[in-house]
Amino acid sequence: MRIPGHVWFAWRAVRRYRLRSALMMIAIVIGISGLTIMSSIGQATKQETLARFKNMLGTFDTLVVRPGAGSTRGMTNLAESDVTLTFDDAAALSGAPFARNVVEVENAFKIDASYSDQHVTPAVFGVSPNWAAVRGETLAEGDFLTAQDDQALSRVAILGADARRDLFGSSDPLSKTIRIAGVPFQVKGVLNPRGAGPTGASLDNLIFIPVSTAAKRLFNRDYLTMMIVQLKDPERSDAAKADLRQLLRARHRLDGTAPDNFTISSPRAIMAQVQAMGSALGSLLVVITVLALIVGGIVIFAVMLAGVGARRAEIGVRRAAGASRAAIAGQFLAEAGLISLIGGLIGMVIGVGGTQAVSVVERLPFVIDVPVLVGAMALSILLGVTFGAIPALKASRVDPIEALRG
Amino acid sequence: MIRLQHIAKEYRRGEEHVTAIRDADFAVQAGEFVVIRGRSGSGKSTLLNIIGCLDQASRGKYLLDDLEVNGMSDASLSQIRALKIGFIFQSFHLLPRTSAVENVELPMVYAGRAPDRAAALTALRRVGLADRADHYPSQLSGGEQQRVAVARALINDPALILADEPTGNLDQAAGEAVMELLQRLNQEGRTIVLVTHDDVIAAYAGRTLSIEDGVVTEGRAS
């Protein structure tokens, strides 16, 4: 007997015992659909996280220096932070061999800004002109800050997309005068939107002004809240971080045992951590799904075994009609394989549908993790055949004479 | 066609040694209709299973179409059953929840053919059940079920039909219809060996053997 014969009979048996077949499929369906959804959502989340970090940072080949020995998480609150990073530190760093660019940042959050009767409370970032290049800003209208703006302590401002919309609506913002904490600034440009950051919050509720203007005319302080050091060789990030630390410790006159009074964080390292966290979670989900599939295999095993007992007469008739033991084993094996294949396909369809639903609800990109899907299908067929093997062997050993008696 | 030489069959049932067939030594020519009579427990079913290559003799020699069957592999015996032998059972043994025509198609696959609905319908027409092709066994009477079983036994055009008490579960009219069907198949040239405990059935046969305590004798035993 050739293979199509087994599959033919297997298909008929699957249809003949519909309820039994459905029972056997359930766990496989759950396992495969779960695996599809979880791996695809995991993939999408990873992509989205990467995209959001990229939105916030623009580039990953940087080291970020903040004052204080605090944690690397979140923005340092100015009120709590030590006053340690100076413009001279920034100037010294920009001469260091590992640095391509050093961006000076002087920022504060929830600053009142207004235009005529519209009020908003954006974050105000005093930045050096190289900010736009390092972070990859593009302008929707007007121009970015220049070195002249900085030297002249000009009161000019660049609006983020949200700040522009909230203050000006549909009217033209260029050359209009807004007030930031009561100080008048002239709008010089508007940035293109960046979308959401890692927390999901908008990155466009911002106003940029020259860093020197911020220090001397707005916040009245002569230290920095952040320096972004763009590296010449991003591959040597760790070495650069060590050099940078030594350089700042020397400048700050810190003795051997004194703790750093600044914090250096590496976006690459943070990204790697986030991704590792994601993939650890992913592995856990994969393990759970594989367990579900194994449960599915055990259900197939149990139900097939019970089926062999219930179908002794059928086995006897087939043997009398010319089925060899191998043919009987082949048919039962094909049944188990077919059931898990159909279960796998149904699971895949549900999984793709579920992924689409989740991606709409969670606003994630619609991604299907194809290699995982192919692996899952192969696994489900393998499971069916593996767990169907013993029932199939048992079916082939049914004594036709006993089975046909009476 | 069939030649049994001093066939004996013993098997164990638990602790107990059972001798099902002591001595069977006879031949059946192609085209014969042979009825083997015997009471229940006389070993007649075991004998039929050996002739049908479902069971193997413990001793003796069995030739089917001059081919020595003893000691053949499971695959070879299965091939012989598929191509040369059609079985009919007392309790019909149709597959449940499977239409008459699909039941008839079943043996075709084991003969190496693709299931052929047209051929199965032709076989059903020959047993007078063309209009019942899509009925399930549960929708058929006992006589109709047995005629479907006959069509199934015929589908691979075997030379030998083996019937084990084929009328045992049927009323008289249905039993007669099945026997007339078997008689017609015999007239077409098929060899038929039928075992029964029923004396009336013997009337349809061209030749009668008797089996008692595992010993086969020619003619009607007392």
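The values are calculated or read from the model by the stated rules, or taken from the named source; none is laboratory data. Just so it is clear, the model here is predicted, and its values are computed rather than measured. Cβ placement follows ideal geometry from the backbone for every residue including glycine, while neighbour counts extend to all protein chains displayed.
A few comments on the model shown:
- Verdict on residue B:97 being surrounded by 19 or more Cβ atoms within 10 Å (Cβ to Cβ) and facing chain A (nearest Cβ under 7 Å): no
- For the residues B:111, B:123, the requirement of being under 20 Å from the mean Cα position of the chain (by Cα), more than 13 Å from chain A (Cβ to nearest Cβ) and not hydroxyl-bearing (Ser, Thr, Tyr) singles out B:123.
- Annotation: of all residues in the stretch B:154-197 being crowded, with 20+ Cβ neighbours inside 10 Å and of a type in the set (Gly, Ala, Ser), the one that is farthest from the chain's Cα centre (by Cα) is B:175.
- Candidate set from the stretch B:28-62 (those that are among the charged types (D, E, K, R), within 15 Å of the chain's Cα centre (by Cα) and over 26 Å from residue A:318 (Cβ atoms)); member that is surrounded by the most Cβ atoms within 10 Å (Cβ to Cβ): B:37
- All of (1) touching a residue at least 40 places away in the same chain (Cβ under 8 Å); (2) part of a loop (DSSP other than H, G, I, E, B); (3) touching a Phe, Trp or Tyr at 6+ places or on another chain (Cβ under 9 Å); (4) not hydroxyl-bearing (Ser, Thr, Tyr) hold for residue B:189 with one exception: (3).
- Qualifying residue in the stretch B:18-27 (condition: touching a His at 6+ places or on another chain (Cβ under 9 Å) and surrounded by 21 or more Cβ atoms within 10 Å (Cβ to Cβ)): yes
- So residue B:212, is it within 22 Å of residue A:401 (Cβ to Cβ) and either in contact with a Gly (Cβ under 9 Å, 6 or more places away or on another chain) or of a type outside the set (A, V, I, L, M, F, W, C) (or both): yes
- Qualifying positions in the stretch B:70-104 - touching a residue at least 40 places away in the same chain (Cβ under 8 Å) and assigned to a helix (DSSP H, G or I): B:82, B:83, B:84, B:100, B:103, B:104
- Among the candidates A:71, A:81, A:114, the residue that is in contact with a strand residue (DSSP E or B) (Cβ under 9 Å, 6 or more places away or on another chain), at pLDDT 90 or above and among the polar types (S, T, N, Q) is uniquely A:114.
- The stretch B:109-126 - residue that is at pLDDT below 95 and crowded, with 21+ Cβ neighbours inside 10 Å and, of those, nearest to residue B:87 (Cα to Cα): B:110
- Filter result for residue A:144 (touching a strand residue (DSSP E or B) at 6+ places or on another chain (Cβ under 9 Å), assigned to a loop (DSSP other than H, G, I, E, B) and buried (at least 17 other Cβ atoms within 10 Å of the Cβ)): yes
- Considering (1) over 30 Å from residue A:364 (Cβ atoms); (2) modelled with pLDDT under 90; (3) of a type in the set (S, T, N, Q), the lone condition that residue A:213 does not fulfil carries the number (2).
- Qualifying residue in the stretch A:368-386 (condition: loosely packed, with under 14 Cβ neighbours inside 10 Å, of a type outside the set (A, V, I, L, M, F, W, C), part of a helix (DSSP H, G or I) and more than 14 Å from every other protein chain (Cβ to nearest Cβ)): yes
- Of all positions in the stretch A:40-59, at least one carries a residue that is more than 14 Å from every other protein chain (Cβ to nearest Cβ) and part of a loop (DSSP other than H, G, I, E, B).
- Every residue from the stretch A:1-23 that is in contact with a Ser or Thr (Cβ under 8 Å, 6 or more places away or on another chain) and more than 10 Å from chain B (Cβ to nearest Cβ): A:14
The rows are residues; the columns are (1) under 28 Å from residue A:50 (Cα atoms); (2) not aliphatic (A, V, I, L, M).
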residue: A:202; (1), (2): yes, yes
residue: A:210; (1), (2): no, yes
residue: A:221; (1), (2): no, yes
residue: A:224; (1), (2): yes, no
residue: A:229; (1), (2): yes, no
residue: A:253; (1), (2): no, yes
residue: A:260; (1), (2): no, yes
residue: A:273; (1), (2): yes, yes
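- Helices (runs of 4 or more DSSP H) wholly inside the stretch A:254-366 that include at least 2 residues being without any contact (Cβ under 8 Å) to a residue 24 or more places away in the chain and more than 14 Å from chain B (Cβ to nearest Cβ): A:267-310, A:325-361
- Within the stretch B:10-22, not a single residue is at pLDDT 95 or above and of a type in the set (Phe, Trp, Tyr).
- Qualifying positions in the stretch B:105-128 - in a helix (DSSP H, G or I) and touching a residue at least 24 places away in the same chain (Cβ under 8 Å): B:105, B:106, B:107, B:108, B:110, B:119, B:120, B:123, B:124, B:126
- Looking only at residues in the stretch B:65-74 that are of a type outside the set (D, E, K, R) and surrounded by 13 or more Cβ atoms within 10 Å (Cβ to Cβ), the one that is farthest from the other protein chains (Cβ to nearest Cβ) is B:70.
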